[in-house]
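Structure first, then comments.
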Amino acid sequence: SQAASQSSSQAASSEPAATSSSAADATDVGEGSTVFAFEVTDNEKNVTRWNVHTDETIVGKALLALKLINGSDSEYGLMVTEVNGLTADYNTDKAYWAFYIDGEYASAGVDSTTIEQGKTYAFVYTKE
């Protein structure tokens, strides 16, 4: 059947996944005029992607509003302890959520990072 041949040809494709902000495997969430890509790599190295639509100007505020991240305030700003429902507890097992912008480890926290259209913001479950 035509459907079977389409799905098998897609499965056989070895092209890398699109990394643009309009990635086909990303889920659209939120409402607003600004859109940015958000990726989460969990403790089993599974990657989940969203296209976040928001009117917020700060990445952390947009993600908190959509309940994609959670955490607590610390002397350094928002300490992200939960991303997409998964908790990283440094005190328990030296795990934490590392914040990246376009694949580079971020020099500022998510709560002080201004949204720039076209950039990809990511949290990666990291264990020391």
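Starting from the amide H of GLY32, placed 1.01 Å from N in the peptide plane, find each other amide H under 5 Å away whose residue is 5 or more places distant or on another chain. Residues meeting the criterion, in which the H sits 1.01 Å from N, are THR54. Report note on the peptides 57-63, 104-110: ranked by the mean count of other C-beta atoms within 10 Å, highest first, their order is 57-63, 104-110.
The lysines within cross-link reach of LYS94, meaning a Cα-to-Cα straight distance under 19 Å and a gap of 8 or more places when in the same chain, are LYS45, LYS127.
Straight-distance candidates among the aspartates and glutamates for linking to LYS119, with alpha-carbon spacing under 19 Å and chain neighbours fewer than 8 residues away dropped: ASP25, ASP28, GLU31, GLU39, ASP55, GLU56, ASP102, GLU104, ASP111.
The GluC sites (Glu not before Pro) of the stretch 23-66 that meet both conditions, a loop assignment by DSSP and at most 11 other Cβ atoms within 10 Å of the site Cβ, are GLU31, GLU44.
None of the figures in this text is laboratory data; all of them are computed from the coordinates on show. As the structure is a computational prediction, the values presented were derived from the model and not from experiment. Virtual Cβ from ideal backbone geometry, glycine too; neighbours counted across all protein chains shown.
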